[in-house]
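*Asks:* One structure is given below, represented as C-alpha cells, and several questions about it will come after.
Values in this text are rule-based calculations from the coordinates and carry no lab data. These numbers were taken from a predicted model, which means no experiment stands behind them. Here Cβ is always computed from backbone atoms with ideal geometry, including for glycine, and neighbour counts include all displayed protein chains.
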Amino acid sequence: GTSCCGGVCVLKNQDWQKKWYCPQDCYGCPNRLCGANTCNGKVNWKRKLGETCNITGDCDGGTVSQYHPGVACCQGKCVSKLKDWSNQYYCPETCYGCPSRLCDVGTCNNSVNWKRKLHETC
C-alpha cells in the first residue's frame, strides 16, 4: 500500500518480518543491523549464498558449529562450509585438508583425501 512518508505519498516497503514501513524507516534485517532504508528487495533475510553478511546468523542455513555442515559468514559473504580431514566443517579459507597443518590452509576442496588413496598426489 501507500502512505505519506516525509510529506510525500510513496509505496511502503516490506521489512524482514513482512511488516510494511515508509522506505526511510524500513530495516531489511533484525535489530537494525543493516541500517534504515534497506527494504529494497535487493538483499534477502536470511542472506543467500554469495550475499554479504556480518555474522553466520545472517546466512540462510547458517551454523557456527564445526561439527555440522551448512553455511557460514566467511570473509563477509555467505558460503558453504567445507569438510576437513577430520570430518569437521570450516570456512574455505580457514580449512586444512590434512592433520597438524601439514598442508596449506584452504586445502579442503573435497577432491583430496587424507590419508591419500592409491594414485593420488602425496
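*Asks:* Could you give the longest part of the chain that holds none of the trypsin sites (Lys or Arg not before Pro) found in DSSP loops with at most 15 neighbouring Cβ atoms within 10 Å? Mind showing how you got there, number by number?
*Replies:* Working: sites that count: 18, 19, 42, 48, 115, 116, 117.
Here the longest segment lacking exposed loop sites spans 49-114.
*Asks:* Once you put a point 7 Å from the Cα of residue 36 and another 7 Å from the Cα of residue 118, both along the Cβ direction, what distance in nm separates them?
*Replies:* Calculated label separation equals 6.9 nm.
*Asks:* Report, in debye and to the nearest 20, how large the dipole of the chain comes out about its Cα centre when Lys and Arg carry +1 and Asp and Glu carry -1 on their Cβ.
*Replies:* Working: 15 positive and 9 negative charges, 42 e Å.
The calculated dipole for the chain is roughly 200 debye.
*Asks:* What net charge do the residues around residue 71 carry, taking every other residue with its C-beta under 11 Å from that of residue 71, with Lys and Arg at +1 and Asp and Glu at -1? Walk me through the numbers on the way to the answer.
*Replies:* Details: positive: 46, 47, 48, 77, 81; negative: 51, 58, 60.
Counting the neighbours of residue 71, the net charge comes to +2.
*Asks:* Within region 20-35, which residues have the backbone N less than 12 Å from the label spot 7 Å out from residue 8 along Cα→beta-carbon, could you tell me?
*Replies:* Answer for this model: 23-24.
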